[in-house]
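Heads up, the thing below is written out as structure tokens.
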Amino acid sequence: MTTINDLPDEVLEFIIELLPPYRDVENCQLVCRRWEQLVRNVRFRKTVSFQRAVTEGNLCWKEWQPPDPRTPVIAGRYSHSATVYKDVMYVFGGGSSEVTTFNDLWAFNLSSREWSRCNSHGAHPYPSPKARATMVSHEDRLVVFGGLRYPPSYPPYQRVNLFDELHVYNLKESHWMYPKISTHWPPAMAGHSATIHGRQMVIFGGLQETPLYVACSHDVWILDLANFTWKLQETSSPKPAPRIDHYQIRLDEQHLLIAGGLGGVNNPFTDMWLLTMTSAVWQWREIPVRKKKFSAARMWTNPSCHVDGKLIVLGQNCSLPKDLQITAQIRLSQQIQYPRQQDPHRLRNPHQEQPHPAPEPPRPISAHHPRVPTHHLGMLAFRDSCAAQEMRERRLSALQKREQELLARRGIQRPPPKPPVAKRPRQNCEAVFICDLAHVLDPQEPFAEWLETREGGILPGAPLKTILSTLAVGNGELIMFGGLEQNANHGNYAANNHVHFITVPHTVI
């Protein structure tokens, strides 16, 4: 009787390579010693092929569809937080198409490709509904900090509500908890960034709330995850300009990189800064960026991730027609004043202790602290730059229809209908941009270099362009979830719950 073990090693490796590179592959190596060696070969070859494919741009898109429509699926959202821990991608919060925010936590099993909601057991309250928060994983825990809540549509002209709450979700015990903090903690913020270095969470930038106004920041805060104590870290000058929606890349335990971001109205950034965390005063250093003509058009609304010394950014192909442009609905406002009797360190989280009085760092009003509008992080709108062309086509169609009616009244035979013209394929797809960070830590001449991608970064199977989505790193694949996309029929925008994978194309043996 013929069994699967009678197949040659090459065929077995090809079959194992088709499995999701998580729990199923781990179970395969438990069959026997032969299968264990085959799994090792598959993992090594998959890692090498993915690294080579990222460098050469030889990748492809694959969309995930739920096999059973009755299974629970997460709601569409944007500006959410996502991270991968082991073989699960966790998604928290975000905004909806109705300008509301979520406070739920969902888990997407990358092995079984199924969604499940993470509930909180016991008398543990959930976090506040919010978007634009940061979420990182550390030792079977998810750490969520900051965020904002969009204001209701009525009464109008309300600003967003920023949060300074710190929430921790215990993955083993399946519940939320609020660490008790007795030290001075950061102000309420959103649109910041966070990475894990050892047992510390390092936070940079963001839209912060101060006693006098709301502004972008370039402060660096440290959270000790062992005893949950905050510290405002001293850094050298010059330093990056205050910004929000930037990229923070963890290079190693002692280095991180800041790239892109937005400093205010019509003030996007494309620079990169290296932060060295080895001395008492952390050192900033600007990194020269080469071949910027191959970089992403917007480095503040598009997701990014770090893979094997490469910064991968999703965006719109610059060589294609810009038929989908994104503009922010911005209302300029005057400086926000708080009452004098109001405590600048007022307690937003009732589960945290009142901090000890600490001097507020000076924030002089200068060019380094540009004012941003209060509705800057509000809903984004899409504008069709080809409206004139569409109007011309509609008018031409109406004239042709009227011409046919006149010919019918006069008894003139209608000309034979023209064969239908194939519609031009929609070209506003997700493009992949790659930046090489291999020489960023060079002590003599550090630099970052954008790589030229084939077809302008448009990979086979690319989905429609979205913004405010997330991009996470899995085992030999990248996972994009959610975001805002334009409705082709109505022209408006809506949040989606689509899951797309960027992976290496399978070769047929």
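Do any residues in the range 222-250 that are exposed (fewer than 15 other Cβ atoms within 10 Å of the Cβ) have Cβ atoms under 6 Å from those of residues that are at pLDDT 95 or above and hydroxyl-bearing (Ser, Thr, Tyr), where the two are at least six apart or on different chains, and which pairs are they?
none
Report, by residue number, each residue of the range 148-169 that is over 19 Å from Ser97 (Cβ atoms), within 25 Å of the chain's Cα centre (by Cα) and at pLDDT below 80.
Arg159
If the requirement is being at pLDDT 85 or above and either open to solvent by 30 Å² or more (accessible area, probe 1.4 Å) or over 37 Å from the mean Cα position of the chain (by Cα) (or both), which of these qualifies: Gln51, Gln37?
Details: Gln51 fails: at pLDDT 85 or above.
Within the list Gln51, Gln37, the selection yields Gln37.
How about the range 95-189: which strands (runs of 3 or more DSSP E) wholly inside it have at least 3 residues that are within 26 Å of Cys216 (Cα to Cα) and open to solvent by less than 20 Å² (accessible area, probe 1.4 Å)? Explain how you work it out, then say what you get.
On the way: elements: 105-109, 114-117, 134-137, 141-145, 166-170, 175-177.
Per the criteria, 134-137, 141-145, 166-170.
Given (1) modelled with pLDDT of 90 or more; (2) touching a Cys at 6+ places or on another chain (Cβ under 8 Å); (3) of a type outside the set (Phe, Trp, Tyr), identify the lone condition not met by Val504.
Here Val504 clears every test but (1).
In the range 54-87, which residues are β-branched (Val, Ile, Thr), surrounded by fewer than 19 Cβ atoms within 10 Å (Cβ to Cβ) and either free of Cβ contacts under 8 Å to residues at least 60 places away in the same chain or in a helix (DSSP H, G or I) (or both)?
Listed by number, the residues that qualify are Thr55, Thr71.
Kindly evaluate Leu257 against the criterion of being touching an Asp or Glu at 6+ places or on another chain (Cβ under 9 Å) and either closer than 21 Å to Leu314 by Cβ or crowded, with 16+ Cβ neighbours inside 10 Å (or both). Write out each step before concluding.
Details: touching an Asp or Glu at 6+ places or on another chain (Cβ under 9 Å): no; either closer than 21 Å to Leu314 by Cβ or crowded, with 16+ Cβ neighbours inside 10 Å (or both): yes.
Taking the combined requirement at face value, the residue does not satisfy it.
Determine if the range 293-300 includes at least one residue that is assigned to a strand (DSSP E or B) and at pLDDT below 95.
Taking the range 293-300 and keeping what is assigned to a strand (DSSP E or B), we get none.
Looking through the range 293-300, none of the residues is assigned to a strand (DSSP E or B) and at pLDDT below 95.
Looking only at residues in the range 205-221 that are in contact (Cβ under 8 Å) with a residue 60 or more places away in the chain and within 18 Å of Leu275 (Cβ to Cβ), which one is surrounded by the fewest Cβ atoms within 10 Å (Cβ to Cβ)?
As a first pass, look at the range 205-221 and keep what is in contact (Cβ under 8 Å) with a residue 60 or more places away in the chain: 206-207, 210-220.
Now narrow it down to the ones that are within 18 Å of Leu275 (Cβ to Cβ): 206, 216-220.
Values: Gly206: 31, Cys216: 28, Ser217: 26, His218: 22, Asp219: 20, Val220: 22.
This residue is Asp219.
Given the criterion on the phi < 0 side of the Ramachandran plot and more than 32 Å from the chain's Cα centre (by Cα), identify the matching residue among Glu26, Glu13, Glu17. Steps first, please.
Values: Glu26 fails: more than 32 Å from the chain's Cα centre (by Cα); Glu17 fails: more than 32 Å from the chain's Cα centre (by Cα).
Of the residues listed, the single one that is on the phi < 0 side of the Ramachandran plot and more than 32 Å from the chain's Cα centre (by Cα) is Glu13.
Scanning the range 17-28 for residues that are assigned to a loop (DSSP other than H, G, I, E, B) and touching a Leu at 6+ places or on another chain (Cβ under 8 Å), which turns out surrounded by the fewest Cβ atoms within 10 Å (Cβ to Cβ)? Don't jump to the end; show me each part of the working.
First, the residues of the range 17-28 that are assigned to a loop (DSSP other than H, G, I, E, B): 18-22.
After this cut, where a residue has to be touching a Leu at 6+ places or on another chain (Cβ under 8 Å) as well, the list is 20, 22.
Values: Pro20: 18, Tyr22: 20.
Among those residues, the one meeting the criterion is Pro20.
Please tell me if Val31 is out of contact with any helix residue (DSSP H, G or I) (no Cβ under 6 Å at 6 or more places or on another chain), open to solvent by 80 Å² or more (accessible area, probe 1.4 Å) and β-branched (Val, Ile, Thr). Step through it out loud before you land on a result.
Details: out of contact with any helix residue (DSSP H, G or I) (no Cβ under 6 Å at 6 or more places or on another chain): yes; open to solvent by 80 Å² or more (accessible area, probe 1.4 Å): yes; β-branched (Val, Ile, Thr): yes.
Yes, satisfied.
Which pairs do you get when a residue that is under 30 Å from Asn109 (Cβ atoms), found in the range 156-185, comes within reach of a residue that is open to solvent by 50 Å² or more (accessible area, probe 1.4 Å) and of a type in the set (A, V, I, L, M, F, W, C), reach meaning Cβ atoms under 8 angstrom, with the pair 6+ apart or on two chains?
His167/Met177; Val168/Met177; Tyr169/Met177; Asn170/Met177
The values are calculated or read from the model by the stated rules, or taken from the named source; none is laboratory data. These figures come from a predicted structure and were not determined experimentally. As a convention, Cβ positions derive from the backbone with ideal geometry for all residues, glycine included, and neighbour counts pool all protein chains shown. Protein only, heavy atoms only, side chains kept; ligands, DNA and RNA dropped before computing areas. Shrake-Rupley method; radii C 1.70, N 1.55, O 1.52, S 1.80 Å.
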